[in-house]
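The values are calculated or read from the model by the stated rules, or taken from the named source; none is laboratory data. Just so we're clear, the structure is a prediction, and the values are computed from it rather than from any experiment. Positions of Cβ are generated from backbone atoms using ideal geometry, with glycine treated the same way; all protein chains shown enter the neighbour counts. Surface accessibility is based on the protein's heavy atoms, side chains included, excluding ligands, DNA and RNA. Shrake-Rupley method; radii C 1.70, N 1.55, O 1.52, S 1.80 Å.
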Amino acid sequence: DSLAAKTAEKVEQHAQCAFCQKKVIESQLVLDGKRVQVLYNYAPIGLGGERLHFLIVSKRHCPTFHQLTKEEYQEAMELAQFVRERIQSHFKEEGKLIQKVYAYHKTGADAGQSVPHWHMHLVMTQNGAQEWLGKLTVLRNILIGSFKLSADALKHQRRKYTALLAGE
């Protein structure tokens, strides 16, 4: 009974987890690694300019940071660095600069974790106003929730950053 109950509980957790749903991953995926994936956030923070908000997500269902393997964490950091370098290089070529880069994760509801699957946010800002408004947006998202992109806008952003990260 105990094993059956634990198995049923795990199946239910996966069914309710957005980052375990193929449809969610396919709609946001911009870079696929061995153990982790990079998604374009469906509700990117920031106002004005490019809304550079990516999620580094473990492929394995892993509710908290503490449950990541060393290999998953290492690959997450490597992919975050790759994305940052590629995005900064792209915008520098266009004569635009990335001013700040934020990489953070939230573990537990009290910290604002809204999806029960470990993920790290990678957010880049291009100017002071965008940075300031981005910080307010994070606070608003924790308190009242986020505002989603339309399906078409998300598809456009996903295609754009998939191509950019592939070097196209």
(message) Condition first: of a type in the set (A, V, I, L, M), open to solvent by 40 Å² or more (accessible area, probe 1.4 Å) and closer than 15 Å to Gly46 by Cα. Now tell me which residues in region 131-168 satisfy that.
(response) Leu133, Leu136, Leu139, Ile142, Leu149
(message) Looking at Ile56, Ile98, can you tell me which residue is in contact (Cβ under 8 Å) with a residue 12 or more places away in the chain, among the β-branched types (Val, Ile, Thr) and within 20 Å of Val36 (Cα to Cα)?
(response) Ile56
(message) I'm told Val101 meets every condition in (1) in a loop (DSSP other than H, G, I, E, B); (2) closer than 19 Å to Phe82 by Cβ; (3) aliphatic (A, V, I, L, M) except one. Can you identify the failing condition by its number?
(response) (1)
(request) Those residues that are in contact with a strand residue (DSSP E or B) (Cβ under 6 Å, 6 or more places away or on another chain), under 16 Å from Leu165 (Cβ atoms) and either outside any strand (DSSP E or B) or open to solvent by less than 10 Å² (accessible area, probe 1.4 Å) (or both), I need them from region 31-54; list them, please. (result) Val36, Val38, Leu39, Tyr40, Asn41, Pro44, Leu52, His53, Phe54
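Matching residues to (1) in a helix (DSSP H, G or I); (2) aromatic (Phe, Trp, Tyr); (3) within 25 Å of Gln74 (Cα to Cα); (4) without any contact (Cβ under 8 Å) to a residue 40 or more places away in the chain:
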{"site": "Leu122", "(1), (2), (3), (4)": "no, no, yes, no"}
{"site": "Leu143", "(1), (2), (3), (4)": "yes, no, no, yes"}
{"site": "Ser146", "(1), (2), (3), (4)": "no, no, no, no"}
{"site": "Arg158", "(1), (2), (3), (4)": "yes, no, yes, no"}
(message) Given (1) surrounded by 12 or more Cβ atoms within 10 Å (Cβ to Cβ); (2) at pLDDT below 80; (3) not hydroxyl-bearing (Ser, Thr, Tyr), identify the lone condition not met by Val115.
(response) (2)
